[in-house]
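Each remark here refers to the structure printed beneath this line.
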Amino acid sequence: MGAYDDIINLPHPTSPRHPRMPMIDRAAQFTPFQALTGYGAAIQETARITGEKAELTEEEKSVLDEKLRFLADTGNEAAFTYFQPDGRKSGGAYVTALGAVKKLDPLEGRLTLTDGTTILIEDILEIEDGISAGFPLKEEML
């Protein structure tokens, strides 16, 4: 006969005062300890890749200038690919915004689209016309 044979088949005791802890809370007791808080986030941030801003030639700049003036006059929509600097470290990424030119301010060097997006003119890499980007021309332009 074993030492615990008299209690081996009894139900698990439960306290009337203290309810049983849910399994998810019990599992939290065994999570690993992180001695260096934020170290994993710092490693991920360092590993994140950012790109450098491309430099345009004078010819490419003049073509973009012509496209901007045309779009500002006609109100047609286009796709603007521009460099967006990273807020945390050097470099950034190229982003594409779709829309029509609401305001072109050459003195401040800014372009505002109808949706409120503001783009620095010097950061624009490419402007794709509305037809290529999938936008229809405005009716008065047809």
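The values are calculated or read from the model by the stated rules, or taken from the named source; none is laboratory data. Given the structure is predicted, the values throughout are model-derived calculations rather than measurements. Using ideal geometry, Cβ is built from the backbone for each residue, glycine included, and neighbour counts are taken over all protein chains shown. Surface accessibility is based on the protein's heavy atoms, side chains included, excluding ligands, DNA and RNA. Shrake-Rupley method; radii C 1.70, N 1.55, O 1.52, S 1.80 Å.
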Taking amide H atoms as placed 1.01 Å from N in the peptide plane, list the residues 5 or more away in sequence, or in a different chain, whose amide H sits under 5 Å from that of residue 91. 86
Along the chain, longest interval not containing exposed trypsin sites (Lys or Arg not before Pro), exposed being DSSP loop plus at most 12 other Cβ atoms within 10 Å: 90-142
Express the accessible area of the chain per residue in Å², computed with a 1.4 Å probe while the remaining protein chains stay in the model. 80 Å²
To the nearest 0.05, how large is the calculated FRET efficiency for residue 108 and residue 46 if R₀ is 41 Å and r is the Cβ-Cβ distance? 0.75
So what's region 44-107 giving for Cα Rg divided by 2.2 N^0.38 Å, two decimals? 1.38
Measuring from its Cα centre, the chain shows a charge dipole (+1 at each Lys and Arg Cβ, -1 at each Asp and Glu Cβ) which, in debye to the nearest 20, is 1080 debye
Pairs of lysine residues in the chain - Cα separation under 24 Å, sequence separation of 8 or more or cross-chain: 10
Solvent-accessible area, 1.4 Å probe, carbon plus sulfur percent, for region 21-105: 57 percent
Can you pull out the chymotrypsin sites (Phe, Trp or Tyr not before Pro) in region 53-113 that DSSP calls coil and that have at most 13 other Cβ atoms within 10 Å? none
So what are region 1-136's ellipsoid semi-axes, whole angstrom, largest first, if each one is the square root of 5 times an eigenvalue of the alpha-carbon gyration tensor? 64, 20, 13
With r as the distance between the Cβ atoms of residue 35 and residue 84 and R0 = 30 Å, compute the FRET efficiency 1/(1 + (r/R0)^6) and round to 0.05. 0.25
